[in-house]
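One structure follows; several queries about it will come next.
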């Protein structure tokens, strides 16, 4: 089977001056990881590595460059899903590590559990030998300036498409053996309440993967995505409705029933890419026989 890889770098109102950075980061992840897929890397390894590259890139709201919460801290959420058996690992409210998606995979593979949060997740990271960073190592000047701008603004609301990048990252892959995997990683919404968990680490909301149904990763307004269970809502309908109708109906449901804003990327069991969004923009890209396709509008 021809491997497939699709990656997103957030869906929101991405300012023009940040568009190139978003696409360059996605291009880097695609061109570094897709050759590994061609050489036989697993879908699970590929989505983890692609998301790692974006977590280390300060352009995105994930790992380095994440938004600050209402007390000026950084809390990270992530999920990784294996389409072979719909097993997953997830973490939420993690602090002081660069790659929460890798920690999520460790949860899946080295514990009896699927989901760890907060202090427990951080203790597990220490036991697993993760480098524990200072908050300053994850903080960027851009996000600090934005936080200082909005921290006392009574009119700021995270649902409204504010004029600043809001860039959860995610990847979906299909490997030579036909296995699917998905991963999503985020710093959440700006000025979120301490302890807030969004859609990204929630199975069926932020990501889903099933070799039989398909795989997807989402981005956008997390509270709405959770209420719609967007990732599962789309992949569960692919077989009966096809990719275009499944995405269109799910985003229409979000807008009309929940007044929600979101984007989604994915791969069908047959290896077809699908994507869609009802936000002003979504940054994403995919590869096909070594050619890179990038989109942001």
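The values are calculated or read from the model by the stated rules, or taken from the named source; none is laboratory data. Bear in mind the structure is a predicted one, so any value in this text is a computation, not a measurement. Here the Cβ positions follow ideal geometry from the backbone for every residue, glycine too, while neighbour counts run over all protein chains shown.
Identify, by number, the condition in (1) surrounded by fewer than 24 Cβ atoms within 10 Å (Cβ to Cβ); (2) assigned to a helix (DSSP H, G or I); (3) under 17 Å from the mean Cα position of the chain (by Cα) that residue 57 doesn't meet.
Just one mismatch for residue 57, condition (2).
Any idea which of (1) in a helix (DSSP H, G or I); (2) at pLDDT 95 or above is the one residue 255 doesn't satisfy?
(2)
Find the strands (runs of 3 or more DSSP E) located wholly in region 66-183 whose residues include 2 or more that are touching a residue at least 60 places away in the same chain (Cβ under 8 Å), in contact with a helix residue (DSSP H, G or I) (Cβ under 6 Å, 6 or more places away or on another chain) and surrounded by 15 or more Cβ atoms within 10 Å (Cβ to Cβ), and list them. Don't jump to the end; show me each part of the working.
Details: elements: 76-82, 87-94, 115-117, 169-174.
Fully inside region 66-183 and qualifying: 76-82, 87-94, 169-174.
Which of (1) exposed (fewer than 15 other Cβ atoms within 10 Å of the Cβ); (2) at positive phi; (3) in contact (Cβ under 8 Å) with a residue 60 or more places away in the chain does residue 194 not meet, given it meets every other one?
The number of the failed condition is (2).
Counting only residues that are in a loop (DSSP other than H, G, I, E, B) and touching a strand residue (DSSP E or B) at 6+ places or on another chain (Cβ under 9 Å), which one in region 271-292 is surrounded by the most Cβ atoms within 10 Å (Cβ to Cβ)?
Restricting to residues being in a loop (DSSP other than H, G, I, E, B) and touching a strand residue (DSSP E or B) at 6+ places or on another chain (Cβ under 9 Å), the top hit is 279.
Residue 230 - would you say it is surrounded by fewer than 24 Cβ atoms within 10 Å (Cβ to Cβ), closer than 25 Å to residue 62 by Cα, under 14 Å from the mean Cα position of the chain (by Cα) and in contact (Cβ under 8 Å) with a residue 24 or more places away in the chain?
Values: surrounded by fewer than 24 Cβ atoms within 10 Å (Cβ to Cβ): no; closer than 25 Å to residue 62 by Cα: yes; under 14 Å from the mean Cα position of the chain (by Cα): yes; in contact (Cβ under 8 Å) with a residue 24 or more places away in the chain: yes.
Considered against the rule, which asks whether it is surrounded by fewer than 24 Cβ atoms within 10 Å (Cβ to Cβ), closer than 25 Å to residue 62 by Cα, under 14 Å from the mean Cα position of the chain (by Cα) and in contact (Cβ under 8 Å) with a residue 24 or more places away in the chain, residue 230 comes out as no.
Restricting region 204-220 to residues that are more than 15 Å from residue 248 (Cα to Cα) and within 12 Å of the chain's Cα centre (by Cα), which is modelled with the lowest pLDDT? Working first, answer last.
First, the residues of region 204-220 that are more than 15 Å from residue 248 (Cα to Cα): 204-215, 217, 219-220.
After this cut, where a residue has to be within 12 Å of the chain's Cα centre (by Cα) as well, the list is 205-208, 217, 219-220.
Details: 205: 98, 206: 98, 207: 98, 208: 99, 217: 98, 219: 96, 220: 93.
Taking the candidates together, the pick is 220.
Name the residues in region 19-48 that are within 16 Å of residue 215 (Cβ to Cβ) and touching a helix residue (DSSP H, G or I) at 6+ places or on another chain (Cβ under 7 Å), would you?
Of everything in region 19-48, those that are within 16 Å of residue 215 (Cβ to Cβ) and touching a helix residue (DSSP H, G or I) at 6+ places or on another chain (Cβ under 7 Å) turn out to be 33, 37, 46, 48.
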